[in-house]
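Below: the structure, in structure tokens.
Please treat every number below as a calculation from the coordinates, not as lab data. What you see is a predicted model, and the numbers here were worked out from it, not measured in a lab. Virtual Cβ from ideal backbone geometry, glycine too; neighbours counted across all protein chains shown.
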Amino acid sequence: MGLLLYIRLIVYTAGTLLQLFWMVVILGYRRQRNFERVFFFLCLALFFFYGGSLLALNAQIHYAVPPPTLQAFAGALLYLGLCTLPPILIHLHFEYAATRGLLKKSDRKRVVLLAAYAPIVFFGLRVYPLLANNSALALLAPGRALGFVYGLWLAAAFLICFWLQRRFLAEAPDAPQRTFHKQLARFFLAIGVLVVLLHAAPGGLSLAGAEKLSTGLALLAMIPFAVMMWMVLQFNFLNIGRQKNLVYAVSITFLALLYLSLVRRVGTWLEPVLPPEATAAVLLFVLVVFIEPIQRIFGRRLQATAQHEMDRVQRLTKEIQEEARQGDLARLEKFIERRVKEQFELREVRLQLNQKGSSPSDDNISAEPRAALAFDPREFPLVQGNRSQGVLRVEPHGAIISGDTRAALEFLCEQLPGALDLCRLIEEKLRLERELAERERLALVGQMAASISHNLKNPLGSMKTILQVQLENPGLPGSIRGETKMVLEEIGRLSTKLNQLLQFSRPAVRGGSAIGSCDARAAVEEVAGVLSHEAERRGVKMQIKVSGGSAMVAASAESVNDIVSNLLVNALEAAPRGGHVMVCASSRDGVCTLEVEDDGPGIPAALREKILQPFFTTKSQGTGLGLAIVARRVAEFGGKLDWESPAGNGSVTRFRVTLPMQETRK
């Protein structure tokens, strides 16, 4: 019996430490999933079982008659552990099924879980008083404290877990997980059948038999958790394998605690023949022999882990370099955030780059929760030479970032500035190539416009003159007169498009005083007066608002006329019948502002990047040059073109042109 007692002490101590190990690992690398939460409570329930059993056993050893308070406390721990174990075990399997996408109907899950948790109330009312005054495992013994009912409940939980493990086995993605689920299914089946047979045995089970059974079951219950630890380290099971250093550290800590507990137990055991201090000294000195082999084993493990992380970082760096060659910095930022999050299995990753190499200000610092510990940084600077390019902010799923992950992130951040510079250079190169191509295209447009002007303008003028003379002939038949007017209108439309093309292709005269100047107010009033008849024909009300004072701008009258007329024609064509168009001119702080508003349908979001492109139009009879002419004229004179659609709270579309005022010479 003495040997069995010490075996039970070792088993309960190891079981308590093993559950503490898993709770620390889950808290250190917790994910926002119900599976990890339920798994934590399963470990807590088993911790209560092992801890209560260890407390009750120590009370029996140290006290001839254990104090009632201590016995009641141990009974409470056992109650919490035993009565919550079956439903939490079932709940854990259902959450794992939901994580794997194997659970189709959530209503069935709720019904099963409600049925699994309901007996807790029954046992809480009837069994707890017995647990406070009886043996630790009286609940499991047939014929004792409703043990038969609890046995059926526990056996049913094990058999349900066996059935679910068979389903997991059929859907396992790889050989290690298939092996794990197969062994776990056999374990639950064996335990379930064993519980049924023991409670069906005639005459029940004696207290001594129950204690032996409890020791065996407690030892068997540790096996799946030990196997899961191996799965985590070897195959990243449950996505915890990323934190290998954390697992190693916690493992060594709890192994040390277990060995110290063993030293104490052996010292007590050998006390009749050897002083406890001498036993402890001998057992602790024995560890010196194992220090070098342990150091060699863990050194190789840590080196392999570090090398593996560096290889992953190098592969990730190569992917980032390939993406940087696309020359899109915004896209590269999102790619880095997504791939770092996936590669290191982090909860959130944010890359903040400085503007023009400046240091990050307090306004740009993320409001995300920071690390609680100074040695657990969440921000990794991107520094190249003495210049800071930004910062990489990360948030893990758990409480801390392991050392290997932190070292890998630091190494990655040393490589990122080069990739970012490469992306910026390629982006600038592509921008310059696009500008060069655009200028070459515009030069070709200018040549084409000059050729069209030479070949079409004079013939169109001659045709128009001949047709106008024919219309003055009183003997011209009515049918021919109507067709002649139609041809004249088409010639007028062609002339208008030709003039617009010539406006676009004709550059402004720059340099010295030849740039010219004009009164913007007069240009606005002149254009509005010309187009007032068009506004009346379309049924659109046009308003003119011109502020007083000087509005002499550093631009030629012809260019300002081009700007205002194109904006106003577009507004009249966009406004519905009965709508409003307003044109304003004002001067302030050395600039003149011209605004044209209409209450038309507005500019769709998908077209806002294209409206200034030459020859882009949504009109059936348009050339797509109106706004392109405006943008070019404004740029030629150092102005600025902005637009809002919708502007303010209504559906107004507003174009605003800002031109520099003419300098006053003294």
When we measure straight from the Cα of Lys541, which aspartates and glutamates land under 19 angstrom away, once same-chain ones fewer than 8 places off are left out? Glu525, Glu526, Glu573, Glu595, Glu597, Asp598, Asp599
Here the alpha-carbon Rg of the stretch 515-583 over 2.2 N^0.38 Å rounds to 1.15
Give me the Kirkwood hydrodynamic radius of the stretch 512-660 in Å, from all C-alpha pairs, to one decimal place? 15.6 Å
Using mean Cβ contacts within 10 Å as the protection proxy, how do 50-57, 91-98 order, highest first? 50-57, 91-98
Given the peptides 265-276, 468-479, arrange them by the average over their residues of other C-beta atoms within 10 Å, most packed first. 265-276, 468-479
Taking a 19 Å limit on the Cα-Cα distance, which of the listed pairs Lys104/Lys341; Lys318/Lys341; Lys619/Lys640 fall beyond it? Lys104/Lys341; Lys619/Lys640
Which aspartates and glutamates have a Cα lying under 17 Å from the Cα of Lys464, excluding residues fewer than 8 positions away in the same chain? Glu472, Glu483, Glu489, Glu490
How large is the convex hull of the C-alpha atoms of the stretch 258-340 per residue, in Å³? 109 Å³
Sorted by packing (mean other beta-carbon atoms within 10 Å per residue), highest first, where do 625-635, 344-354, 172-182 land? 625-635, 344-354, 172-182
